[in-house]
Amino acid sequence: MTRAPILTFTDRGIYCAAGDFYIDPWRPVARALITHAHADHARSGMGTYLATDGTLPIMRHRLGDISASSIAYGQVLRIGDADVSFHPAGHVPGSAQIRVEVDGEVWVASGDYKTTNDGFSEPFEPVKCHHFITESTFGLPVFRWAEQSVVAAEINTWWAASAAAGKTAFLGAYSLGKAQRLLSMLDSDIGPILTHTAVENTNNVLRDQGYVLPDTILANALNPKDHKGAIVICPPAAMGSAWSRKFGPQETGFASGWMAVRGIRRRRAGDRGFIISDHADWNGLLDAIKLTEAENIYVTHGYTDIFNQHLNENGWLSQVVPTRFEGESLDAKEEA
């Protein structure tokens, strides 16, 4: 008799019957295992939460008073009849892939991930398994990321030109993960580095955990005239707001994988678009899948149909599964 799958896809999220828990559920459940603290993966209303040591403080900051515990990378925890461990996903600080083993059969729910080492988040760690659940946010061949050093040079050159022209540079990015990655890429000799409240609050949570970031100045309660030539890192939703306009003449830029799409770049109406993502590109997705040595692949959020077709045509047993994860969005509402 064929055994039921270790992980199943339900209307509440990815469920493990052997351990009676859900992974990144999108509706309230009794026990939730969380891959990372972005809002589409770590939602409020769960009975209990389990996340990595690096993710839990950010979850508490965003979700408030929750019943939760943390686990170190690689530590194996027995939950019911399932052995569970968390492994670096390389997506943002603290992010994890969740490995679930029952009677020798191994599944990995990868959450969001990137395979390149950004020098700030814990680097992606391939986990061998029989079944691999992968995102496909950028699952098209057109999405191929440049080296981070190349993008850093582009951003710093743009910032320096803005400063020389007497303008403030505004760079839009997620307050968790992308913002800190960009901060680590900036040349502080160009000028002051200012941050929106949402970014700075997250910075402080990460600094308290030992993550090293350059010196930053909270931008919300200062006189812009005292910080000429500055760059401001802020959520995309803050771009063009009444708050940002008080800085006077400015250049605006967006940092996202979606900047690789010319039409999206034009619609954002920013002065510059920098192609950089905390998700894997086409090659990264394929490399990650190959390294797992999994035969069975489950493709979620993104260019699912095209990516799934490619996998099936190239030797994998792949299928698309429905989830409510959003991947990378320029318009996502973020918590402070």
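Please tell me if Ser85 is open to solvent by less than 30 Å² (accessible area, probe 1.4 Å), farther than 14 Å from Gln209 by Cα and either without any contact (Cβ under 8 Å) to a residue 24 or more places away in the chain or in a loop (DSSP other than H, G, I, E, B) (or both). When the stated conditions are applied, Ser85 passes them. Does at least one position in the stretch 290-298 carry a residue that is buried (at least 23 other Cβ atoms within 10 Å of the Cβ), hydroxyl-bearing (Ser, Thr, Tyr) and outside any loop (DSSP other than H, G, I, E, B)? Checked the stretch 290-298: at least one residue is buried (at least 23 other Cβ atoms within 10 Å of the Cβ), hydroxyl-bearing (Ser, Thr, Tyr) and outside any loop (DSSP other than H, G, I, E, B). For the stretch 258-275, state whether one or more residues are within 17 Å of Trp145 (Cβ to Cβ) and modelled with pLDDT of 95 or more. There is at least one residue in the stretch 258-275 that is within 17 Å of Trp145 (Cβ to Cβ) and modelled with pLDDT of 95 or more. Screening Leu317 against (1) open to solvent by less than 60 Å² (accessible area, probe 1.4 Å); (2) at pLDDT 95 or above; (3) aliphatic (A, V, I, L, M) leaves a single unmet condition, (1). Of all residues in the stretch 110-134, those being assigned to a loop (DSSP other than H, G, I, E, B) and either closer than 23 Å to Tyr303 by Cβ or open to solvent by less than 60 Å² (accessible area, probe 1.4 Å) (or both) number 15. Only one entry in Gly19, Gly45 is surrounded by 19 or more Cβ atoms within 10 Å (Cβ to Cβ), over 19 Å from the mean Cα position of the chain (by Cα), small (Gly, Ala, Ser) and part of a loop (DSSP other than H, G, I, E, B), namely Gly19. Restricting to the stretch 27-42, name every residue that is open to solvent by 30 Å² or more (accessible area, probe 1.4 Å) and either within 24 Å of Asp103 (Cβ to Cβ) or at pLDDT 95 or above (or both). Hits for the stretch 27-42 are Arg27, Pro28, Ala30, Arg31.
Considered as a group, the residues in the stretch 152-168 that are crowded, with 19+ Cβ neighbours inside 10 Å and of a type in the set (Val, Ile, Thr) include one that is farthest from His279 (Cα to Cα), and that residue is Thr168.
The rows are residues; the columns are (1) touching a strand residue (DSSP E or B) at 6+ places or on another chain (Cβ under 8 Å); (2) part of a strand (DSSP E or B); (3) open to solvent by 10 Å² or more (accessible area, probe 1.4 Å).
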{"site": "Phe170", "(1), (2), (3)": "yes, yes, no"}
{"site": "Gln180", "(1), (2), (3)": "no, no, no"}
{"site": "Ser184", "(1), (2), (3)": "no, no, yes"}
{"site": "Asp189", "(1), (2), (3)": "no, no, yes"}
{"site": "Val199", "(1), (2), (3)": "yes, no, no"}
{"site": "Asn204", "(1), (2), (3)": "no, no, yes"}
{"site": "Arg207", "(1), (2), (3)": "no, no, yes"}
{"site": "Val212", "(1), (2), (3)": "no, no, yes"}
{"site": "Gly240", "(1), (2), (3)": "yes, no, yes"}
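The values are calculated or read from the model by the stated rules, or taken from the named source; none is laboratory data. Quantities reported herein were computed from a predicted structural model and do not represent experimental measurements. All Cβ positions, glycine included, derive from the backbone under ideal geometry; neighbour counts span all protein chains shown. The area values use the complete protein model at the heavy-atom level, side chains included, leaving out ligands, DNA and RNA. Shrake-Rupley method; radii C 1.70, N 1.55, O 1.52, S 1.80 Å.
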